[in-house]
Structures are given as structure tokens and as C-alpha cells.
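**Q** Quick one: this structure, given as C-alpha cells, is what I'll be asking you about.
The values are calculated or read from the model by the stated rules, or taken from the named source; none is laboratory data. Everything numeric here is computed off the predicted structure, so don't read it as measured data. Every residue, glycine among them, receives a Cβ derived from its backbone with ideal geometry; neighbour counts consider all protein chains shown. Keep in mind that these areas ignore ligands, DNA and RNA; they rest on the heavy atoms of the full protein, side chains included. Shrake-Rupley method; radii C 1.70, N 1.55, O 1.52, S 1.80 Å.
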Amino acid sequence: MTMWRPVSGDIYGLDAELFNEEAFQEFFREERVLARGHNVENGHYEIELAVTGRRRRVAVLDADGYVIPGMPLSELVDTMDQKLRKVQIVIEDEIRYGDINLGSVAPDVEADIAVFEEGLAGVRTPEDAADDSDEEDAEELPDAPLLMISDLALAEVPAIAAVTKVPMAVMPHGNVRVLVAAKAVDVKKMIFPRPVYHLTLRTQGDDAPLLTLGLDNQRLLTWTWEDQLPVMDWMTDYEAALEFADENLGAGAIARRCVLEIDQGSAGDVRRALLSSKTMGPAFFVQAMGLGPEILDVLEGRLDVAEIPDAEVFKQANLSDTIRQVVALEISGHGVATPKLWENYRKLYLGNPGLMSATAAIQAALGGSVFVGALQAKGKKARWGAGLGAFLMVNSISRVLTTHYIQESLEHSEAVRKLTEAAAEEAREEERERLEREKDADD
């Protein structure tokens, strides 16, 4: 099955007589490219395409009415640049500056250049986009709650709460985690390494409601509950083209990616939520993603993050407490490393404290004897022996101290205790269900 992803861009007409709505629609009709787009204002056209693969081949409709990968995006932009006159094209990272085609140049060249630059006053360039990005980074985020769904490990949250100084509630949600922050945080800056998948929703503050979806650590899609771009005119005669646009462009593209990495939610329900009103859209979206109504209550300011049922709440703490919390969650199997690795560690070191202490004592005694013997000898081998003996003693002592620190961290972590109790209760429930099934089978 072909995996499509949306790419967006802009086409700027530099001459209204040469490039207009008719030329815009005619190009996509001739190339049979499946797209959404319209004229924003003054010859500025927004466009959205679907591409696939490393070469970013664009989706087209073949003569038999099937959607297939067509030419690469770079080739499509080149073709557009050749066929359309006096246009500037910016689609993802493909940029073409339209040919000026002034013809003969008048003696007063500077005057002509001034007139041309005046006509380009409203045209945005990649440099303008970069400047805007810097300004956005410098802007202060609104003081409004934020919902994030991500593959972030639970052990990473205490450090984020400490750095951002924002209380955060975390809940498991299938194979990902739901994080609700009391105040909006910049995910791109505060989380490193960045998660492969993260979705954020904010219902208050500037430009709200605002939904963002990050994929593969780099691509970012946004949705503001504005009307999606209309499909190209020629596509209305083809049912397959309209169906493709509904699923892979606009709200459909975002909806599919919202549920792509998680076990919860329905793409169809999410799409309907995205196409609803600004007032009710966030509520429908929260419900479509399989989240409880208390999440929306927090986003709307009716509930505090600490009041979310069955959530682990992390607040700003000093460095030692934060490290202790991170260590406890990581060792308990809720961190970046695989739970199996820490399960073996707990069985080996924490499950047998007497054996571990005895092993460390033997190692320290052996290291001490080697060290003393090396001090009584002479030569190069003696120095090596002294180093080896010292290493064995330090290693044994550090193992005991580290294990003791980890054991204390696990015992003092309220989050670990709750998770352990929840896991034990789940295991007991599964055992009860198994016994009931066996009983029913015997009957």
C-alpha cells in the first residue's frame, strides 16, 4: 500500500494577465495532479499536494481512473516553472523564481528595477519565512494549558517539568502517553531528543484552537479549524480523485497521522472533528482520540492538572529530587531502555541484595590483596597490579553505593509505587479472569 504524505506551498503570479485562476486550474487539469488549492489574494495561490517515497513522487490520476505516483516533486515544479509564465513557486523545499522576461531594457535601468521591485512587495521569499520562524521562536507562549500525546517515555517527564517549571499530568494511552501541562511549552525546545511522534492541542490563547502534529522529528502539520483548501475543479468529475483528497489531503491527511502511531482513536472520527466548528471542534477531537472529558476541562480552565483522575503529576523539583525520580522510573521499566533490560537488572542486583553484597565483598577483598601485593613488588607489573587492585575495590564499593541509591529511589518514588500497584492489580484481574474461564470450561 502506497503511503502518501501532504506537502504545501505557494504560487505567486507576477503578472495577472499571464497567470490567473484559469491558468492555475488548467495546469493541474493537464497534468492530472491531485491537489487542493485556491487563490488567496492578489495572485497568491495556496497549494497542497500528496507525495510518496524518497523521490517525493506526486499523486496523479491515470487514464483508467486509478491514483498512481507520478513525476517527482522537483520535476513537477520544473514543469510548472516552464509552462506558467512569470510565477514564483515555493512548494516545500522546491523553489523556482519566475522569469522576469522584461524584453528590451530601457536606458533608465534603475527606474525599471524600482518599478519591478514595487510589484514584488507582497511576494514572500524563503528568507522571509526564515525571519518569521525566528520571530515565532522569540514570541512568548500563551499562559494556557496544553495537551500533548507522544511516544515520550515517562522517565523523561520529571526533567521536562523541572526545566519548564510547569506542572504536568501524565497518563498512559495505549502505546503512547498523554501529557497535560498547566501552561503551554515549546515542544521543539524543551524535549530532546525530540519524540518521533507528538501531537499538541491548545484551546486558549492567540490563534486558538491550534492543533500541531510532529512526525519523524522534523515535519510539522498544523490545523486551526479553518476551512480546508478546495479540490481542483477537474477532480469533481472523478469519484476516486475526491475520495483520495478526502483521505490524504487537508483534514484527512492530519486525521490519518493523528492515529497512525497509536492504538486509540478512529481516523474517520478525527476527520469529522477537524471539519467541525471552532467552538465544538476541540471537544469532538478529544473524544475522537479516545480521551476522557476531564482533559477538555483542563484545557478550558475548569479543572487543574493535579485533579485529573489516575494521572501521575510531576512538578518543579530540585536537581537531586528530579534525578532520583528519573532514576526510579527508568529502573522500574518506564524509561527509554527496554523494560526487559531493567527487569533482568532488578532480578540480579535488587532482588538478591545479600548475594550482591557478598559478591562485592569478595571482589573488594580480592582487589585489596592484589593492591597490597603490588605495593610490595617492583617494576612495571607492580604498577599495573596496583591499578587493577584499586579498580576492583572502587568498582565493588561504587556498585554497592549505586544499588543502595537506586533502591532508595524506588522506595521513595510515589509514581513508581502507584505504577507497581496498578500493574499488580491488573495481573490479579487477569488471573481472576483466567480462573473464571477455566471454571466455565469445566462446567
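**Q** Multiply the residue gap between residue 95 and residue 266 by 0.36 nm, knock off their C-alpha separation, and tell me the result in nm, one decimal place.
**A** Values: separation 171, 0.36 × 171 = 61.56 nm, distance 3.61 nm.
Length gained, residue 95 through residue 266: 58.0 nm.
**Q** Please compute the per residue accessible area over region 13-93 with all protein chains in place, 1.4 Å probe, rounded to a whole number of Å². Don't skip to the answer; put the middle values down first.
**A** On the way: 3980 Å² over 81 residues.
On a per-residue basis, region 13-93 sits at 49 Å².
**Q** Here is a follow-up. Can you give me the long-range amide H partners of residue 173? Hydrogens built in the peptide plane at 1.01 Å from N, cutoff under 5 Å, separation of 5 or more residues or another chain.
**A** Residues meeting the criterion, in which the H sits 1.01 Å from N, are 178.
**Q** For residue 197, list long-range residues whose amide hydrogen, built 1.01 Å from N in the peptide plane, is under 5 Å from its own amide hydrogen.
**A** Those qualifying (amide H under 5 Å, at least 5 residues apart or on another chain) are 151.
**Q** When the accessible area of region 1-68 is split by element with a 1.4 Å probe, what percent falls to carbon and sulfur? If you can, show how the numbers build up before the last one.
**A** Working: 1530 of 3530 Å².
Ligands and nucleic acids excluded, carbon and sulfur reach 43 percent.
**Q** Can you work out the FRET efficiency for the pair residue 85 and residue 46, with r the C-beta to C-beta distance and R0 = 22 Å, to the nearest 0.05? All intermediate terms of the calculation are to be shown ahead of the outcome.
**A** Numbers: r = 20 Å, r/R0 = 0.91.
That gives a FRET efficiency of 0.65.
**Q** Would you mind checking which residues have amide H under 5 Å from residue 38's amide H? H placed 1.01 Å from N; only 5 or more apart, or other chain.
**A** When sequence neighbours closer than 5 places are left aside, the close amide H contacts are 46.
**Q** Order these peptides, 430-436, 142-148, 198-204, by their mean beta-carbon neighbour count within 10 angstrom, highest first.
**A** Working: 430-436: 10.0, 142-148: 20.7, 198-204: 22.3.
Going by the mean number of other Cβ atoms within 10 Å, highest first, we get 198-204, 142-148, 430-436.
**Q** With θ taken as phi - 60° and the coefficients 6.51, -1.76 and 1.60, list the Karplus ³J(HN,Hα) couplings across region 14-24 in order, rounded to whole Hz; mark glycine and proline as x.
**A** 8, 8, 5, 6, 8, 10, 9, 4, 5, 5, 4
**Q** If DNA, RNA and ligands are ignored and the probe is 1.4 Å, what is the ranking of 66, 238, 97 by accessible area, most exposed first? List each step's numbers first, then the result.
**A** Numbers: 66 145, 238 85, 97 125 Å².
The ordering from most to least exposed comes out as 66, 97, 238.
**Q** Which ³J(HN,Hα) values, rounded to whole Hz and listed in residue order, are derived for region 36-49 from phi using the Karplus coefficients 6.51, -1.76 and 1.60 in 6.51 cos²θ - 1.76 cosθ + 1.60 with θ = phi - 60°, glycine and proline given as x?
**A** Calculated HN-Hα couplings, in order: 10, x, 6, 7, 6, 5, 6, x, 9, 10, 8, 9, 9, 10 Hz.
**Q** Using only protein heavy atoms and a 1.4 Å probe, report how much of residue 296 is accessible, in Å² to the nearest 10.
**A** 30 Å²
**Q** Another question, then. Taking 0.36 nm per residue of sequence separation and subtracting the Cα-Cα distance, how much length would be gained by fully extending the chain between residue 22 and residue 163, in nm to one decimal?
**A** Contour length minus Cα-Cα distance gives 45.4 nm.
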